[in-house]
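Enquirer: For reference, the structure I am asking about is given below.
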Amino acid sequence: MLEKYAELIVKQGVNLQKGQELVIDSSIECFDLVRAIAKAAYQIGAKDVIVHYTDEKISRLRYENCPQEHFENIPQYLVELRNQYALRHAAIVTITSSDPEAMKGIDPRKIQTWSAAIHKACLTFYDHLDLGIDRWCIVGAPSVGWANKVFPDMSDTEAVRALWQAIFKVTRCDQKDPIEAWNEHRRSFEKRIQVLNEKKIKSLHYTNGLGTDLTIGMNQNYLFAGGGSYTTDGIYSFPNMPTEEIFTSPNKDQVNGIVYSSMPLNYNGHLIDRFSITFQNGRIVDYTAEVGYDVLQSIIETDEGSHYLGEVALVPYDSPIRNMGILFYNTLFDENAACHLAIGKGFGECMVDGLKMSKKELFEKGINDSLTHVDFMIGTKDLSIVAVLENNEQFVIFKDGNFVF
C-alpha cells in the first residue's frame, strides 16, 4: 500500500517529469513514505530527489527558547536554497503529519512571524507555486501524536495503523488501480465546473443554522476549478491528495456578513475552534473564537491581504471523507469534508487567462494577494448556497448541505 501511495503521489500528485528534480519536505517520523516516494521518483527518471527532514520536538524547543526577533530574519542560505529550487523548476512534495497540539502553549506570534518572514524572503519559490509555474503536492502520513489525537482510545500502534487505513481509503489507494481511480475522480468534477462557469454568477449567498449569513461577490471572468490543475507548462497535477472540492477566488472587496466555523482548525500545531468572522466590503472587521482566539488573531494580522478572502470552496456534506465519520484535525483532510473559505492569497487559475497575469494584474481584477492562505471549514448539514446571476435570476447551488445539480 505504501508503494502504491508513493507511486500515486509521484505520477498524479506532482506528475513528476523525467529529468526533473523532486524536493520532499517531511517529518522524520515519515521516513518510510519518503523512501518509497524517492524510489518511485527515480524509477520514472527523476534527475535527483532532495529530502528536508523536520522534527516537531526540535521545532518546539526552538520556539520555546528563541526570542521573537529571532523569527524575523531568514538565513540567506535558506533563501537561496528555496529560490534555486524554483529557478530549476523542481517539483515539491510536502508530507503533513503534525500533532494537532504540538505547539500548544507556544506564542502563536512567533510561528506567524516566521511564516510571514520566510514567505517574503523566498518570494520566488512561493510565487512559482502560487502562480502555477511549478507543481507541488501536499499529502498526509501518520505520526504517533496525530494518530493518538484522531483515535484517542487506541494504543499507539493501533492508532497509527487505523490512520494509515483511513489515508489509504480517502486517497483511493485501496482501489485496484489508484492511478485510474484518480483519472476518474478528475472527470467527476468536470460537469459541475462547466455549469458553474457558464452561469455567469454575480454573487453567492451562504446561510445556515449556526448563524452564517454571508454574501460573496464574484469577479468578472471568474473560473471554478476542482480536482487538479494545470501549470503554465500545460502539465496537469493534483496539488492536494485527497481532494473533493470545487473552488474559485472571489472578488476581494465584495464580501459582506458573518460566517461561523463548523469544524476545528489546526494551524501550525494550535487548535482554533468555535469561531466567527465578520466582513464588510471584503475586509475582516470583527472575529471571535472560543478556543484559539490569539492564534486566529495572528493569522488575520499577518498582513493587509490576510484581512480578505482568497478562496471559496464547495464540498458536499455527503462527501467520502465526511461519511467516514473521522475528524482528522488536519486541514488537508478536514477541508474535504466541508465547504470552506480561505483567508489570504487567491489563485490565478480562477480567472480567464489568470495564469498569464502578474500578481499586480490579478489584484487589480479582484483576486486577493497575501503572504498566507489559511482554509477554515464552514459547511454544515443545513448549509444553503444561492447564486445571483448577472441577469439577477437566482440559481440554487447547495440545499441541505449538498449540491442540487
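Enquirer: If the limit is 21 Å between Cα atoms, which of LYS47/LYS359; LYS57/LYS149; LYS191/LYS356; LYS200/LYS365 go over it?
Expert: LYS47/LYS359; LYS191/LYS356
Enquirer: Another question, if that's okay. Can you tell me the length gained on complete extension of the stretch GLU364 to LYS57, counting 0.36 nm per residue apart and subtracting the Cα distance?
Expert: Here the answer is 106.3 nm.
Enquirer: Taking 0.36 nm per residue of separation and subtracting the Cα-Cα distance, what length does fully extending ASP382 through ASN323 add?
Expert: Working it through step by step, the gained length comes to 19.7 nm.
Enquirer: Under a point-charge model restricted to the Cβ atoms of Lys and Arg (+1) and Asp and Glu (-1), what is the dipole moment magnitude of the range 252-405 relative to its Cα centre, in debye to the nearest 20?
Expert: Value, rounded to 20: 140 debye.
Enquirer: Which order do peptides 209-220, 383-394 fall in by mean Cβ count within 10 Å, highest first?
Expert: Per-residue Cβ counts within 10 Å, averaged per peptide and sorted highest first, yield 209-220, 383-394.
Enquirer: Okay, next question. With a cap of 16 neighbouring Cβ atoms within 10 Å, and only residues DSSP puts in a loop, list the trypsin sites (Lys or Arg not before Pro) found in the range 2-34.
Expert: Counting only loop positions with at most 16 other Cβ atoms within 10 Å, the trypsin sites (Lys or Arg not before Pro) in the range 2-34 are LYS18.
Enquirer: Take each of the peptides 264-275, 48-59, 106-117, average the number of other beta-carbon atoms within 10 Å over its residues, and list them starting from the highest.
Expert: Ranking, from highest mean packing down: 264-275, 106-117, 48-59.
Enquirer: According to the square roots a ≥ b ≥ c of the eigenvalues of the Cα gyration tensor, what is the shape class of the range 191-403, taking rounded for a/c under 1.5, prolate for a/b larger than b/c otherwise, and oblate for the remainder?
Expert: Verdict is rounded for the range 191-403.
Enquirer: Continuing with this model, one more query. Quick one: Cα centre-to-centre distance for the range 251-302 and the range 1-28, in angstrom?
Expert: 33 Å
Enquirer: Next question, about the same structure. Under the Karplus relation 6.51 cos²θ - 1.76 cosθ + 1.60, θ = phi - 60°, what is the ordered set of whole-Hz ³J(HN,Hα) values for the range 17-30, x standing for Gly and Pro?
Expert: Values, residue by residue: 9, 4, x, 9, 7, 10, 10, 10, 9, 7, 6, 4, 5, 9 Hz.
Enquirer: Hey, another quick one. Roughly what would the spin-label model give for LEU2 and LYS104, points 7 Å off Cα along C-beta, in nm?
Expert: 2.9 nm
Enquirer: Continuing with the same structure: Considering the dipole of the chain built from charges on the beta carbon (Lys and Arg +1, Asp and Glu -1) around the Cα centre, which of THR113, SER229, TYR287 is farthest to its positive end?
Expert: Value computed over the given set: SER229.
Enquirer: Hey, how many Å between the Cα centroid of the range 348-363 and the Cα centroid of the range 75-134?
Expert: 22 Å
Enquirer: First measure r as the distance between the Cβ atoms of ASP127 and GLN68, then evaluate 1/(1 + (r/R0)^6) with R0 = 35 Å and state the FRET efficiency to the nearest 0.05.
Expert: 0.85
Enquirer: How many angstrom lie between the Cα centre of the range 364-405 and the Cα centre of the range 41-66?
Expert: Between the Cα centre of the range 364-405 and that of the range 41-66, the gap is 36 Å.
Enquirer: Based on the alpha-carbon gyration tensor of the range 2-170 and its eigenvalue square roots a ≥ b ≥ c, which shape applies: rounded if a/c is under 1.5, prolate if not and a/b is larger than b/c, or oblate?
Expert: Here the range 2-170 falls in the oblate category.
Enquirer: Compute the FRET efficiency between ARG283 and GLU180 as 1/(1 + (r/R0)^6), taking r as their Cβ-Cβ distance and R0 = 51 Å, and round to the nearest 0.05.
Expert: In this case the efficiency is close to 0.70.
Quick note: the coordinates plus some simple rules give every number you see, no bench work behind them. These numbers come from a predicted model, not from an experiment. Glycine also receives a Cβ, built like all others from the backbone with ideal geometry; neighbour counts cover every protein chain displayed.
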